[in-house]
Amino acid sequence: MKNSVYVAIMATVAAMGGLLFGFDTGVISGAIPFLQRDFGISDSQVELLTTMGLLGAVFGALVSGNITERIGRRRVILSVAVIFSAGALWAGLAPDTAQLMAARFLLGIGIGTASFSVPLYIAEISPARNRGALVSLFQLMITLGILVSYLSDLGFADEQNIKCWKPMFLVGVIPALILLVGMFFMPESPRWLLSRGRKDEAMRILLRTEGDSAAQTVDSIVSDIEKDRGNSSSWKDLLGKEARMPLLIAVGIMFFQQCVGINTVMYYSPKIFGMAGFDSTVAAIAASAGVGLVNLLATLVSVYFVDRLGRRRLFFLGMGGMVVSLAALAASFLSMDTLGESGRIFTVVCTFLYVIFYAISIGPLGWLIISEVFPQKLRALGSSIGSLSVWVFNCVVTFTFFKLIKLLSIPGTETVADGQISYNPAGVFLLYAAVAAIGILWGWFFVPETKGVPLEDIEKHWKSGGLPRKLKNGHN
Ligand code: BGC
């Protein structure tokens, strides 16, 4: 089998972890209306149920960095597959709310752990020239998972049967088992094996993934490891000089990935389209299926371009596009009264454009960059901090969205129907546009061009005190 085909198979199998990430974050929205009636739970209990998943993800990212360093990437991904299978079964069979919450917490642990260990594994098995595309498969699978969860929720939804939320969770077992079986046949990351002194095993794998350049890669990794010998990796090292820049980049990029507000659209698009004046059925279909599909297709574009145009170009293109589309979205909400029907369509177009610009840039780039920037001995721990930041920023954005709509509502733009005041969300979208604009400035200084650069050269660049924007592929 050709080296590139072999690597692509490895990356696709591991990226099933991304599909589970997307599926298990998306599935809850369609299940909520039914389980709320089935268990007779209040809105605040529903909120708690959603929070349990996020808390689990924070917990998973927090504890599994060290474990991934100790037992290896492959075993961690195998454990993640077991957690996802058990979590899906438990959630689907849960007899009461307490157990459902515990199951969602468990699934959250799977999501938090998968979200850094999978990109990390893919980055470490990939040759530099197509690492970007291969790691971006992870984001592609997240978007596929979100779409599949919307569609399967739609398929199982049955107004006559309030227990229909059960199969919605249960189908999550299928991708989890695929990951489990697939990963069983995949080898360990050669870079991790070398860091454990297992040179022969690493060489065998590298020969299959990189062919002729395997020996050169082994030499370069081994020489880095020799230099670091005796320096164990621990949380304290993350505060050291060597990790400072990668850490700033990882937390920074995840701040912007979340704080441009993407999950307000992912989680609440039916509500947003509702605010634009669509009736609920149209809103729900356009919102879930439409946003999900656009997100998936645009991510495909990014997979194609990330190793051709490079990280920085995609970053600036996407962030610039988000500033414009978010500002246009705000403008369309402000002129809803005058624009009427065309205003509504304009809102949908702006939302789709916003999702497209996100999906070609910071969506995949966030996961890619955190898997690339850390030195070998801190890669697992460091990227787990990147993943932890995602969940923390995600919580902040999703929990403040409706409060911010009210707080930033421009006086005189509220509407009143049936005695209920609806606030105009223009202000909050302008805020996200401002965050994206600041992100462009930040990116100028902090987004490194890692296209085609071997992981070992990225590490050397930091060691020699190089700036992110000065990183370049020495072979070009
Ligand atoms: C983000 C998620 C988001 C998804 C949307 C991911 O990269 O981490 O928070 O829901 O993209 O596609």
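The values are calculated or read from the model by the stated rules, or taken from the named source; none is laboratory data. Quick caveat, the model's predicted, so the values are computed rather than measured. Here the Cβ is made from the backbone with ideal geometry for all residues, glycine too, and neighbour counts use every protein chain on show. Each accessible area value is taken on the protein alone, full model and side chains, heavy atoms only, with ligands, DNA and RNA left out. Shrake-Rupley method; radii C 1.70, N 1.55, O 1.52, S 1.80 Å.
Values as computed for the structure displayed
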item	result
Which listed pairs, of 2/470; 236/406; 236/460, have C-alpha distances above 30 Å, in listed order	2/470; 236/406
Average projected area [Cα convex hull, segment 388-428], square nanometres	3.2 nm²
Debye, to nearest 20: dipole size of segment 2-470, +1 on Lys, Arg Cβ, -1 on Asp, Glu Cβ	1340 debye
Whole-number percent relative contact order across segment 2-470, with pairs defined as alpha carbons under 8 Å at least 6 apart	22 percent
Segment 34-103, Cα convex hull volume normalised per residue, Å³	78 Å³
Convex hull volume per residue for segment 59-178, taking Cα atoms only, in Å³	100 Å³
Accessible surface of the chain [probe 1.4 Å, protein heavy atoms]: carbon and sulfur percent	67 percent
Using θ = phi - 60° and Karplus 6.51 cos²θ - 1.76 cosθ + 1.60, couplings along segment 297-310 (whole Hz; Gly, Pro as x)	5, 5, 5, 4, 4, 5, 4, 5, 8, 4, 9, 9, 6, x
Residue-normalised accessible area of segment 309-380, given per residue in Å² at a 1.4 Å probe	29 Å²
Per-residue ³J(HN,Hα) for segment 363-380, Karplus 6.51 cos²θ - 1.76 cosθ + 1.60, θ = phi - 60°, Hz, x for Gly and Pro	x, x, 4, x, 5, 5, 5, 5, 7, 9, 7, 7, x, 3, 6, 10, 4, 5
Kirkwood Rh, angstrom, the chain [1 / mean 1/r, Cα pairs]	22.8 Å
Of every Cα-Cα pair in segment 32-75, the percent that sits beyond 16 Å	54 percent
CD proxy at 222 nm, helix term only [per DSSP H run n ≥ 4: -39500 (n - 2.57); per residue of the chain; nearest 500]	-26000 deg cm²/dmol
